[in-house]
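Working notes for the structure below.
Quick note: the coordinates plus some simple rules give every number you see, no bench work behind them. Nothing here was measured: the structure is a model prediction, and the numbers come from that model. Neighbour counts are summed over all protein chains in view; Cβ atoms, including those assigned to glycine, are modelled from backbone coordinates with ideal geometry.
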Number of protein chains: 2
Amino acid sequence: MAKGASLSGFPEWLPQERAVEQKIIDTLREVFELNGFLGIETRAIEQGSSLLKKGETSKEIYLLSRLQEVGHESDVPLENRLGLHFDLTVPLSRYVVENSGALTFPFKRWQIQKVWRGERPQEGRFREFVQADIDVVGNGELPEHYEEELPLVMVEALERLGEFGLPKATVHANNRKLSEGFYRSIGLTDIEGVLREVDKLDKIGEQEVAKLLVSECGANEQQAQACLDLAEITTADADELAAKFDSLCTKYSVDTTSEHYELAMQGLTTLSTIIRNAASIRPGAVVADLKIARGLDYYTGSVYETFLNGAENLGSICSGGRYDNLATSGKKKYPGVGLSIGLSRLLSYLLHSVGASATRQSPAAVMVAVWNEDARLESNRIAAALRARGISTDVSPNSAKIGKQIRYASHLGIPYVWFPANAEVGSTDQVKNIITGEQVEADRVSWIPDTVYAQQSIIIKDAE
Amino acid sequence: MAKGASLSGFPEWLPQERAVEQKIIDTLREVFELNGFLGIETRAIEQGSSLLKKGETSKEIYLLSRLQEVGHESDVPLENRLGLHFDLTVPLSRYVVENSGALTFPFKRWQIQKVWRGERPQEGRFREFVQADIDVVGNGELPEHYEEELPLVMVEALERLGEFGLPKATVHANNRKLSEGFYRSIGLTDIEGVLREVDKLDKIGEQEVAKLLVSECGANEQQAQACLDLAEITTADADELAAKFDSLCTKYSVDTTSEHYELAMQGLTTLSTIIRNAASIRPGAVVADLKIARGLDYYTGSVYETFLNGAENLGSICSGGRYDNLATSGKKKYPGVGLSIGLSRLLSYLLHSVGASATRQSPAAVMVAVWNEDARLESNRIAAALRARGISTDVSPNSAKIGKQIRYASHLGIPYVWFPANAEVGSTDQVKNIITGEQVEADRVSWIPDTVYAQQSIIIKDAE
């Protein structure tokens, strides 16, 4: 990270680190567009009334005021003030409603943008960070097959990041209907509360969660235990999932004729289809994990979290779910499903734990030397001839001794130094690979760099 | 523009408009990297103390407050509050000082990011918009040749945008030393004031500027006339520039032995070199225009504005200059020179005045039809095979009647519809170009789309 990141929680990257981020963004965009997602950007700023809708982050927003308004901020009600968006899902919902007449539904979109959260920074938490999202939003209805397909698109994208050292990712899926149906079947009613407590399992453990279920959500000890038992079910096999759920229902004497059980079965069917189809396409990529709760309460169907094999302590790097009621206009609903990669956290992990790094700071493959300032124009012409053929080229900033010019190229990691023909000593155009030391005569209209040195690319330092 | 851009001054684009913006950004990045510039991003948020340094926009910043702080904002002095950056030059200066130990100087960087200005929106003014900047920053010193070269990089980049309908751009250059030296030579002392009034020439005309020079800057009528005479000099010829300036100095009896005249001659020499070298590389791309003043007072040498031929009323679309004192650390200075494209305004012009548009909404070249929901997995497999060969592919959202599936593809502008082999009717895999109507047998592992339909690209609608 840039040394002087003087504001905690607001990461900045050095050029060679930014190069890694840029390649990640390019790769994600490529995968998203290959899958037919349309790219959009929404404005960074939303009205308070949008931002303050319910959701776990509602207290973490940044509000804005113009300099002229300082001291009078409180005159304006929060709903009418402006603030920075804290995710890309709430803005998407607004964008879809506002532009429904101009969009084609189901609307498949990708979006990679910064978001802001005004929380106290903790380890690994950023207040400004990049999210990479895909969502599909329907007009009135949304086919369930998108709940199967979207996690697989994300798995495909994350697999491509393996090139930059990212370990294998596994999506853990659950379904709100399954959870809610089960909780209600055993007599619980504070569903939001139960989900909120279950979401803490990884942090505080079973015992503490059980205590909270009793003290906060009106559960008795047996009901609390049932919630923990449900959360323990995890499998990549659809038949096993059905069998385990079945045996749990028997254990807790669930009435299989009730509407609550019916709801649970709806969720179970969706979840089974997801892991069955995923297994046929990418075995092991998606598992059912019934402890996945997700904090945000706008989810109404599938929910997802994604963990890196061997780096589970990083937490979920890609989360999301289905939300049927986030975007509405009058009686019309725009149900959606989507996942979001926390890109800045992923980048930080790749840079600092994996050792991903750009092969060089500069995109340039060549630096043209300058014999003296009168000859700069000729060096510029050589650079222009190389650039016209797509070879990224820099020109020495000065006409100092050649050793000093080469040091500039070397600091930037530029592999080739071009020496223009020098009439004084009778030399022709020459190009030197300053890594291998090889120097050859070269023609500016035909020379090409060796493939390995042509482009700035990403390597894993530790694996070198 | 997206229909529901419900907040004035905060533009949002429809997917087919965003595709144009994305291609512009890709093109600029390509040109900047070909020229050896390193890409960085800085955080969107700066400390008040950075943002409130002098400059014309200092009153137009957005300050932030966390939701928890509402009502207590005034407890924190402005310098300690956070705000959104209003340009990319001030953040660059901070970034360079903070990371000077890790950067290679001269530091050549490109940066394309959103910026925010909390001003009242006027026609064509945005409060959230994208800037595309290149700058070179030196450590202690910065060779003058960058003042010649950077405007030429921008001209090259803007020429490439001709592909999207952008008219030819001309950089108008001036030099602060030339202006200041001349003003002081004729006895004026309020240089900032004079520059501020001269900057209004295009808006309010000569007569009003003359009045303001007298009433606000302590000029007499002859001095005011001299300022207007200087501002009238514009030429692409270095010799003519020298001759005209010479004759002006004679007319106003300037003492050619004074230090003020010396300063003016320094500026004149730099400006002459710029237009002479530009003429040899790109004739007509850069002209000397001595009325260019630039509002920001941190410029200390060359200043630039850029106008589109035939769309001068758009104002400058790419501006900048040399600033020697913006970034400092103790006694050390980091002089820089750079230019900034107002990308959102340019995009708005291309979309609405030129008629630039994406050939289709979706990046997908193919939509695979779905015979029935049981056959969706097979349609997904076909899509995966096409994507594996780099062909962007969507799959029909539903298994409705084929006519309805084709309409979805047609709305998105997807040119090909793929019909999977259908055992029931004994058909093989077929692909239909729904624009030409041509339908052929096709193999998912070898078929390729016609070049003209392969990629989403940009066209000029009016020219169709």
If labels are modelled 7 Å from Cα along the Cβ direction, A:Thr328 lies from its partners in the other copies at nm distances, smallest first, of 5.9
The pairs in B:Lys211/B:Lys244; B:Lys53/B:Lys211; A:Lys114/A:Lys332; A:Lys23/A:Lys203; B:Lys23/B:Lys332 lying past 28 Å Cα-Cα in this model are B:Lys53/B:Lys211; A:Lys114/A:Lys332; A:Lys23/A:Lys203; B:Lys23/B:Lys332
Given the rule -39500 (n - 2.57) for each run of at least 4 DSSP H residues, summed and divided by the residues of chain B, what is its mean residue ellipticity at 222 nm, to the nearest 500 deg cm²/dmol?
-> -11500 deg cm²/dmol
What percent does the relative contact order of chain B come to when contacts are Cα pairs within less than 8 Å and at least six residues apart?
-> 16 percent
State the antiparallel share, in %, of DSSP beta bridges confined to the protein assembly as shown, rounding to the nearest 5.
-> 85 percent
nm² value of the averaged projected area, convex hull over the Cα atoms of chain A | 28.9 nm²
What's the angle, to the nearest 10 degrees (0 to 90), between helix A:402-412's Cα axis and the longest principal axis of chain A?
-> 10 degrees
Placing a label point 7 Å from Cα toward Cβ, how far apart in nm is B:Val452 from its equivalents in the other copies, listed shortest first to one decimal?
-> 4.4
Calculate, in whole percent, how much of the Cα-Cα pair population of the range B:107-184 lies beyond 17 Å.
-> 67 percent
Mean projected area (nm²) of the alpha-carbon convex hull when the range B:305-464 is viewed from all directions = 15.4 nm²
How many angstrom lie between the C-alpha centres of the range B:369-428 and the range B:24-43?
-> 38 Å
Would you compute the Debye intensity of the range B:285-388 from its alpha-carbon atoms alone, equal scatterers and no solvent, and pass along log10 I(q)/I(0) at q = 0.16 Å⁻¹ to two decimals?
-> -0.84
Going by how many other Cβ atoms sit within 10 Å of their own, how do B:Glu240, B:Glu221, B:Glu12 line up, fewest first?
-> B:Glu221, B:Glu240, B:Glu12
Work out from phi, with θ = phi - 60° and the Karplus expression 6.51 cos²θ - 1.76 cosθ + 1.60, the ³J(HN,Hα) of each residue of the range A:380-386, listed in order in whole Hz, and give x for Gly and Pro.
-> 4, 5, 4, 4, 4, 5, 5
Amide H to amide H under 5 Å from A:Trp110: which residues, 5+ apart in sequence or cross-chain, H placed 1.01 Å off N in plane?
-> A:Leu38, A:Gly39, A:Ile40
With Cα atoms, 0 to 90° folded angle of helix A:238-251 axis to chain A main axis | 30 degrees
Taking θ as phi - 60°, what are the ³J(HN,Hα) couplings along the range B:145-156 by the Karplus curve (6.51, -1.76, 1.60), each to the nearest whole Hz, with x for Gly and Pro?
-> 4, 5, 5, 7, 7, 4, x, 6, 4, 5, 4, 4
Base-10 log of normalised Debye intensity for the protein assembly as shown (one unit scatterer per alpha-carbon) at q = 0.05 Å⁻¹ | -0.34
Distances in nm between the label point of A:Thr256 (7 Å along Cα→Cβ) and its equivalents in the other copies, shortest first, are 10.7
